[in-house]
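> Before anything else, here's the structure in question.
The values are calculated or read from the model by the stated rules, or taken from the named source; none is laboratory data. Everything quoted here is computed from the prediction, not taken from an experiment. All Cβ positions, glycine included, derive from the backbone under ideal geometry; neighbour counts span all protein chains shown. Quick note on the areas: whole protein, heavy atoms, side chains included, nothing else; ligands and nucleic acids left out. Shrake-Rupley method; radii C 1.70, N 1.55, O 1.52, S 1.80 Å.
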Amino acid sequence: MSEIGEERTRERPSRGWVWIVVAIAVVLGLIAGFIGGLLGRNIGAPAPSASPTPAAVSSAGAVCDATTVSNEVLPAVVTISATNGAEGGVGTGEIIRDDGYIVTNNHVISVAANGGEITVLYSSGETAPATLVGRDPRADLAVLKVDHSSPLPTIELGSSEQVQVGQPVVALGAPLGLSGTVTAGIVSAVGRDVTVPSDDDQTTLLAGAIQTDAAINPGNSGGPLVDCDGRLIGINTAIATVPTSSGESGGGSVGIGFAVPVDRAISIVDQIIETGSASYPYFGVAVAAISANSAADFGVEAGLYVASVVAGGPAAEAGIQAGDIILTVDGEPATSPETLTAITLEAQPGDEVEIGYLRDGMTATTTVTLQEAPRS
């Protein structure tokens, strides 16, 4: 993947949006699925893939029996419409519990999160109102609840830990509002760290995302990526697109899509169902990357300047102070705040992280024991 280049945006039409940004070679865009338009937003390039883990999966080069998968999975897939009266759009979700709990992306329903309306369309053609149980913009996940007189069909949960590069997969959803669409492909890579837009003009990190070439487009957001047995392995969330000849972002699939791994997603979903929100471990510091232009002024080649430290937080207890420069995190160079973010997204409270830092011209190391972040 190439480095991020000049950002280019498009005017948003009156209906719908999807986040897109131009990279030198590709543009990563959230597949919000809001029909009828695009809203230019910044999105970062993914980090290199981690090595695949061994798994008992179909042989590389094989393909799924998409007909069988469709018959098994589509009854548990819903099309989601969200509106606040002025704006609206369409996405996808999957029923994970037969009493009506549905998982989707936060960006699919965020337009209706503060007083809007959310409805779901079942594969049977029936529609029903849905309530928002809770959402986590940091993970781009949300949980909805529908009332139903009888148990609903549910998607079977798989394990993203068992996902292997090259294994065949199937994506299901409502690209461009076309409910019940099925596409097939393979897992192209695992362990991608992809920066995407979030609420309030902020960004978030899809840590350890699954990359796939199964065609996903605006409207697939929140929908399932499944293995050949129809088991959920990821939540489709972002795509890459290529700039047009005019320099603007193309909005369709080019075979580079990203899904939130199911193991991480379900852990967050369970928290949302239980408490209405999700919590993560935290370092308790505010940091800023030291630019190449100012590195010499700090006497370092790169690092993270510690702007502030939370009193009584993990970093403070480890002896980190405001004004320190973090040089390494677990032995790896610290060049971006996302270095710390990626750890908190996948770590557990109590995990230890070794920090190398510079203070008054002297280097030192300390161990930060992560704590659960206070819930908002």
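> Along Cα→Cβ, 7 Å out, is where each label goes; now give me the distance between the ones at E126 and E372 in nm to one decimal.
3.7 nm
> Would you be so kind as to identify which of L340, A240, A318 lies farthest towards the positive end of the dipole of the stretch 236-346, taking Lys and Arg as +1 and Asp and Glu as -1 on Cβ and the Cα centre as origin?
Going by the Cα projections, it comes out as A240.
> Points 7 angstrom from Cα along the Cβ direction at T203 and D229: gap in nanometres?
3.8 nm
> Suppose R0 equals 41 Å. What FRET efficiency, 1/(1 + (r/R0)^6) with r the Cβ-Cβ distance, do E156 and E352 give to the nearest 0.05?
Numbers: r = 35 Å, r/R0 = 0.86.
In this case the efficiency is close to 0.70.
> List every residue whose amide H lies under 5 Å from the amide H of V285, counting only residues 5 or more places away in sequence or on a different chain, with H placed 1.01 Å from N in the peptide plane.
Amide H neighbours of V285: V310.
> Gap in Å between the Cα centre of the stretch 336-373 and the Cα centre of the stretch 129-145?
30 Å
> In terms of modelled amide H atoms, which long-range or inter-chain residues lie less than 5 Å from the amide H of G223?
Here T92, N236 satisfy the definition.
> Return the whole-Å distance between the Cα centroid of the stretch 295-309 and the Cα centroid of the stretch 75-89.
When both Cα centres are located, 45 Å separates them.
> Oh, and also: May I ask you to derive the FRET efficiency for S267 and A295 from their Cβ-Cβ distance with R0 = 51 Å, giving the value to the nearest 0.05?
Values: r = 38 Å, r/R0 = 0.74.
My answer for the efficiency is 0.85.
> Still on this structure, please answer the following. Enumerate the calculated ³J(HN,Hα) couplings along the stretch 98-114 in order (Karplus 6.51 cos²θ - 1.76 cosθ + 1.60, θ = phi - 60°), each rounded to whole Hz, writing x wherever the residue is Gly or Pro.
Each residue's phi maps through the Karplus curve to give 6, 8, x, 7, 10, 9, 8, 7, 4, 5, 5, 10, 4, 4, 10, 5, 10 Hz.
> Counting only heavy atoms of protein chains, what accessible area per residue, in Å², does the stretch 281-372 have with a probe of 1.4 Å?
Here the residues of the stretch 281-372 average 51 Å² of exposed surface.
> Continuing with this model, one more query. Cα gyration tensor of the stretch 184-301, axes a ≥ b ≥ c as square roots of the eigenvalues: rounded (a/c below 1.5), prolate (a/b > b/c) or oblate? Display every interim value, and only then the final one.
Details: a/c = 2.13, a/b = 1.25, b/c = 1.71.
The shape class here is oblate.
> Report, by chain and number, residues whose modeled amide H sits under 5 Å from the one on E156, excluding near sequence neighbours (fewer than 5 apart, same chain).
L232
> Still on this model: Can you give me the accessible area per residue for the stretch 66-146, using a 1.4 Å probe, in Å²?
Details: 2910 Å² over 81 residues.
With all protein chains present, the stretch 66-146 gives 36 Å² per residue.
> Within 14 Å, Cβ to Cβ, of T365, how many net charges do the neighbouring residues add up to if Lys/Arg are +1 and Asp/Glu are -1? Let's see the in-between values first.
Values: positive: R359; negative: D324, D330, E332, E352, E354.
Cβ neighbours under 14 Å give a net charge of -4.
> Related question: At R0 = 51 Å, how high is the FRET efficiency between E87 and M362 if r is their beta carbon distance? Nearest 0.05 is fine. Kindly include the intermediate steps, with their values, before the conclusion.
Values: r = 54 Å, r/R0 = 1.05.
About 0.45, to the nearest 0.05.
> Can you work out ³J(HN,Hα) from phi for every residue in the stretch 311-328, in order, using Karplus 6.51 cos²θ - 1.76 cosθ + 1.60 and θ = phi - 60°, giving whole Hz and x for Gly and Pro?
So the J values, rounded to whole Hz, are 4, x, x, x, 5, 4, 5, 8, x, 5, 10, 4, x, 5, 10, 6, 9, 9.
> A follow-up question, please. Carbon and sulfur: what percent of the stretch 161-288's accessible surface (1.4 Å probe)?
Taking all protein chains in place, the stretch 161-288 shows 47 percent carbon and sulfur surface.
> Take the alpha-carbon centre of the stretch 209-244, take the same for the stretch 152-204, and report the distance between them in whole Å.
Between the Cα centres of the stretch 209-244 and the stretch 152-204 lies a distance of 3 Å.
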